[in-house]
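First comes the structure, then the notes that go with it.
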């Protein structure tokens with residue numbers, strides 16, 4: 001249910017931004033607001049607190065952002081507050097950016113390795129991901145020593161697991177199921 005709710009608000013904002021020819025401006029607003037919310041404990045409290053009255057939240061948001069962000073973006077924030085959905089603000093903004101990426105043929109796979117990769121390795125991986133997906137990849141690189149070696153790639157609902165940890169798990173399962 002959460003994802004449907006987020007999709008509704010994100011797609012409404014996306015459609016309105018296309019109509020008003022302000023897609024990039026609103027994308028910049030969304031990215032900036034996501035960062036601002038992550039950095040500001042006061043904004044996080046504003047969006048999460050059930051104690052603060054909705055009208056007061058609307059006034060605060062208007063005072064903070066009027067003239068600084070696109071009117072459509074501000075209207076979305078106020079609509080989320082009016083409907084009691086302000087806790088989902090970051091997810092809705094992120095949903096908008098994901099829709100824009102999808103429309104532009106951009107994917108953001110998460111590439112996890114056991115060690116930090118060199119720039120040359122990252123360039124090769126990006127090229128391979130571009131070819132494999134047929135889209136422009138903007139990989140996010142993570143390091144997790146727990147996978148022992150190898151790598152994992154997460155793209156939306158798919159996972160490619162070439163980690164040593166996974167291979168050891170499969171070997172262990174295989175040994176347990178085979179009778180001697």
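Here are the numbers for the structure shown:
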| quantity | calculated |
| --- | --- |
| Kirkwood hydrodynamic radius over Cα pairs of the stretch 106-177, then Stokes diffusion coefficient at 25 °C and 0.890 mPa s, in µm²/s | 189 µm²/s |
| Rounded tilt (10° steps) of 2-19 against the dominant C-alpha axis of the chain | 60 degrees |
| Principal-axis tilt of helix 23-39 within the chain, Cα atoms, nearest 10 degrees | 80 degrees |
| Inter-label distance, nm, simple model (7 Å from Cα along the C-beta direction), residue 52/residue 39 | 1.8 nm |
| The stretch 2-103, relative contact order in percent, only Cα pairs under 8 angstrom and at least six apart counted | 47 percent |
| Full-extension gain in nm, residue 124 to residue 83, via 0.36 nm per residue minus C-alpha separation | 10.1 nm |
| Computed FRET value (nearest 0.05) for residue 101 with residue 21, which takes r as the C-beta separation and R₀ as 25 Å | 0.85 |
| Kirkwood Rh in Å, taken over the chain so that all alpha-carbon pairs contribute | 19.1 Å |
| Helix 54-65 vs. the chain, principal-axis angle (Cα, 0 to 90°, nearest 10) | 80 degrees |
| Bridge type composition, the chain - antiparallel percent by DSSP, nearest 5 | 55 percent |
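Each value in this text was obtained by applying a stated rule to the coordinates, not by laboratory testing. Not measured: the values here are computed from a predicted model. Glycine gets a Cβ as well: all are built from the backbone with ideal geometry, and neighbour counts include every protein chain shown.
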